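The structure appears right after this line, and notes come after that.
The values are calculated or read from the model by the stated rules, or taken from the named source; none is laboratory data. As the structure is a computational prediction, the values presented were derived from the model and not from experiment. Note: ideal-geometry Cβ built from the backbone for every residue, glycine included; neighbour counts use all protein chains shown.
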Amino acid sequence: MAKPKMTPGRAKKRIGAALLICLGLWFGAASPAFAQPFAHRGHAPASQKAAANGLAGILGYISRGWESLTRSLGECKTYADEKAIGKPLLYLPAGVAEPAMLEHLETQCGVAVRHLPEPIRKPGEKAASAIEPPGLLYLPHPYVVPGGRFNEMYGWDSYFILRGLLLDGKIRLARGIVENFFYEIEHYGMVLNANRTYYLTRSQPPFLSAMILAVYDSEKAAGRDDLAWLRKAYPYAVRYYDFWTHGAHLAGSTGLSRFYDFGSGPAPEVMASSPQYYRYVAAYFVRHPAAARGFLDWVPNGDSGVRPVGPLFTVSVCKPSPVVSRRDCDSAGRVGLTAKFYKGDRSLRESGFDVTFRFGPFGADTPDYAPVGLNSLLYESARDLERMSRLLGRPKEAQRWARLAAQRQENIRRYLWNAKRGLFFDYDFVTKRQSSYVFATTFYPLWAGLASTNQAHAVAANAKLFLEPGGLVTSLRPSLAQWDYPYGWAPLQLIAAEGLRRYGYNEDADRISYRFLGTVLENFRRDGTIREKYNVVTRSSDVSVRAGYRQNVIGFGWTNGVFLALLKEMPESWRARLAGD
């Protein structure tokens, strides 16, 4: 007797009791990226391992690393991109003359130089999201990349990189990076996620004003009070602040802001380098139907009239046969991820925390949240603009920025502070509920100086929730995503340590710094490298990420910068302990 045809409704019921669910890509399943998902690259050679010799060795590695991580558009190595396929291209803004330094690119590097089809006056313009084939975006000054697959200038990475550059006396390079961001705002509409065409629809956490003042203060300390440069920088910082506080980036009526990518559909860099990631997401939602609301579409067999956004995945529902060893499988049709999911996925990537379950599974609900970190940074930006205004002799503008900062501080305390738990939480302005997801961005209000004395005391008392043998863990949830437990990242160690110091909790800051620096140093002694992320529970650079990418990139720009910053702020007694371990 023939089996009845499986409908999506029946399939969903059977999946709840199924012992095995198999998903396959509807297209391109034989591609190398699919056949070898999450490949781990970049083990250090034995010569590098032998060279690792403690604190002096790691400081030398960082110092030499700035040169190896610096990119100039006249060099062939600048154009390599693991996140795209095809011939490398460089795009100039529409109407900008081709600089002489680029004339050799075609013959020596095999790089074609093109112009964007039209000027980009604001983010989210249709022309900005439909540029094919993808390529690098022109910037006028050399810049520092994170390393490995991240071979372009990133938005928030650059703040932590810049902190290290300034400590190493590389002020000119740091200033050039900041001026590249001015160029991005002028010609590409915002500070970009990174200078690739497929990033033209989103930004990254706003550290621009902090970068401007870090360069200005470093130059002033070196004997050059360059108010003319600050005057040039000020309107770019204002434009970027406005980008985050108007239009699509508003978090409803809260007076707060949110992350929002102006593009739609699958993220191009994911489709080019890791298409299996979306298969993994779809499989998760099939197995967890309660979490799949609005994110997963079923396409009945034989019905070509229904098609979700992006690739389709075949679904088979299998269970062991009691008679034979083979498995019996029924086709349950095909599934795809929805436009709503991809909007959330892209917006999560603007947050820089890709991937975490903090804004729902795989960040699918990201646009619904007013996040702690983003709004703390915008408070900090308003205070920075207040300071710039005073330095430039504009007291009325300074008063306006002070009012805007105070308003945001009030809204952060109203929506994001949880007095019972003693932590700051993100706020879902759609459901009008505060999140309960414990995340290390709770330290951002201390870093920005907006927390009250009592709030800072409560957060400091709760720091033990995050503290592991290797430093602060990002969250308390083991989701297998790289921005969750058990992983720790350099930027959050610095934000937490500096936030705690700001309110006088120096011993807590020293303890966090010592554990994280010790982890980085211990692994450096083992393999002679500095990595993007660490398992702070095991104090290891060996990671087992499923939601994200397994590759633990060597370099690594922001880890290098944070290592120097944390080391400088530690008392001599703690530095001596670190060197002696």
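Residues of segment 194-202 include none that is out of contact with any Gly (no Cβ under 7 Å at 6 or more places or on another chain), in contact (Cβ under 8 Å) with a residue 60 or more places away in the chain, outside any helix (DSSP H, G or I) and at positive phi. For segment 206-233, the set of residues classified as surrounded by 22 or more Cβ atoms within 10 Å (Cβ to Cβ), out of contact with any Ser or Thr (no Cβ under 8 Å at 6 or more places or on another chain) and of a type in the set (G, A, S) consists of A233 only.
Does T197 count as in contact with a strand residue (DSSP E or B) (Cβ under 8 Å, 6 or more places away or on another chain) and farther than 25 Å from A448 by Cβ? For T197, the condition - in contact with a strand residue (DSSP E or B) (Cβ under 8 Å, 6 or more places away or on another chain) and farther than 25 Å from A448 by Cβ - is met. Of everything in segment 499-509 that is buried (at least 21 other Cβ atoms within 10 Å of the Cβ) and touching an Asp or Glu at 6+ places or on another chain (Cβ under 9 Å), the residue that is nearest to N454 (Cα to Cα) is L500.
For the structure I just gave you, tell me whether L476 is touching a helix residue (DSSP H, G or I) at 6+ places or on another chain (Cβ under 8 Å) and either within 30 Å of R403 (Cβ to Cβ) or buried (at least 18 other Cβ atoms within 10 Å of the Cβ) (or both). So L476 fails the test.
In segment 222-239 there is at least one residue that is part of a loop (DSSP other than H, G, I, E, B) and either of a type in the set (G, A, S) or within 17 Å of the chain's Cα centre (by Cα) (or both). Comparison of G499, G488 shows that the only residue that is assigned to a helix (DSSP H, G or I) and touching a residue at least 12 places away in the same chain (Cβ under 8 Å) is G499. All conditions but one from (1) at positive phi; (2) modelled with pLDDT under 95 apply to G169; the one that does not is (2).
You will find that of G363, G449, the residue that is in contact with a Leu (Cβ under 6 Å, 6 or more places away or on another chain) and modelled with pLDDT of 95 or more is G363 and no other. Every condition in (1) in contact with a helix residue (DSSP H, G or I) (Cβ under 7 Å, 6 or more places away or on another chain); (2) surrounded by fewer than 20 Cβ atoms within 10 Å (Cβ to Cβ); (3) not in a loop (DSSP other than H, G, I, E, B) is met by Y91 except one, and the failing one is (2). I'd like the full set of residues that are in a loop (DSSP other than H, G, I, E, B) and under 18 Å from Y485 (Cα atoms), limited to segment 427-444. Correct list: S435, S436, Y437, V438.
Taken over segment 164-193, the criterion of being more than 28 Å from D345 (Cα to Cα), assigned to a helix (DSSP H, G or I), in contact (Cβ under 8 Å) with a residue 24 or more places away in the chain and of a type in the set (D, E, K, R) is satisfied by R175, E179. Within segment 518-545, the residues that satisfy the criterion of being of a type in the set (A, V, I, L, M, F, W, C) and more than 21 Å from the chain's Cα centre (by Cα) are L521, F524, V537. Filtered by the rule that a residue be farther than 18 Å from V355 by Cβ and surrounded by fewer than 21 Cβ atoms within 10 Å (Cβ to Cβ), segment 524-553 gives R525, R526, D527, V537, T538, R539, S540, D542. Sub-6 Å Cβ pairs linking a first residue in segment 516-533 that is touching a residue at least 40 places away in the same chain (Cβ under 8 Å) and in the same structural domain as G470 (by TED's automatic domain parsing) to a second residue that is among the small types (G, A, S) and part of a helix (DSSP H, G or I), at least 6 apart or interchain, are G528/A51, ordered by first then second residue. Filtered by the rule that a residue be touching a residue at least 40 places away in the same chain (Cβ under 8 Å) and hydrophobic (A, V, I, L, M, F, W, C), segment 363-403 gives A364, A370, V372, L374, L377, L378, A382, L385, M388, L391, L392. For residues that are of a type outside the set (K, R) and surrounded by fewer than 20 Cβ atoms within 10 Å (Cβ to Cβ), scanning just segment 72-83, find the one that is nearest to Y143 (Cα to Cα). If we take residues in segment 72-83 being of a type outside the set (K, R) and surrounded by fewer than 20 Cβ atoms within 10 Å (Cβ to Cβ), then S72 is nearest to Y143 (Cα to Cα).
For S203, are the conditions met, namely being among the polar types (S, T, N, Q) and surrounded by 24 or more Cβ atoms within 10 Å (Cβ to Cβ)? Judged against the criteria, S203 is a match. All of P119, P140, P146 fail the test of being out of contact with any Lys or Arg (no Cβ under 6 Å at 6 or more places or on another chain) and surrounded by 18 or more Cβ atoms within 10 Å (Cβ to Cβ), apart from P146.
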